[in-house]
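Heads up, the thing below is written out as structure tokens.
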């Protein structure tokens, strides 16, 4: 029994130098997280301004109401034109408003409307 314990300890002692701990880890990405976020924000910004006819945004004020379709057209200068028609307007036509927008970085790219209309 004693020889068996010695052989186990000797085997463990021989295998111990084969393990190592590196203080540096290999990077999963070529760019830093800030560079990747900035690149994603730029891609999102280019995507929203590249649509010739704009976008249809479905807005839900709360879960109990129906959604409102908003037609939005983004410009390169940070402005957005929003057209909407809902049940609260007296006229049955779309009304346009201009506002400001920005693509910001939070935990990822976020589309933010900066002005209140």
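Every read-out reported here was derived from the displayed coordinates using simple, explicitly stated rules and does not represent laboratory data. The shown structure was predicted, so the numbers you read here are calculated from the model rather than taken from an experiment.
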(request) Only one of the values [x] 41.1, 130; [y] 28.9, 96; [z] 14.5, 49 was calculated from this structure for Rg and Dmax of the Cα atoms in Å; name its label. (result) [y]
(request) State the percent of C-alpha pairs, over all pairs in segment 38-81, separated by a distance greater than 15 angstrom. (result) 53 percent
(message) Bins of 5 Å, beginning at zero and ending with the bin holding the largest distance: percent of Cα pairs per bin for segment 53-117, please.
(response) 4, 15, 20, 26, 19, 10, 4, 1, 0
(request) Give the relative contact order (percent, whole number) for the chain; include only Cα pairs under 8 Å separated by 6+ residues. (result) 17 percent
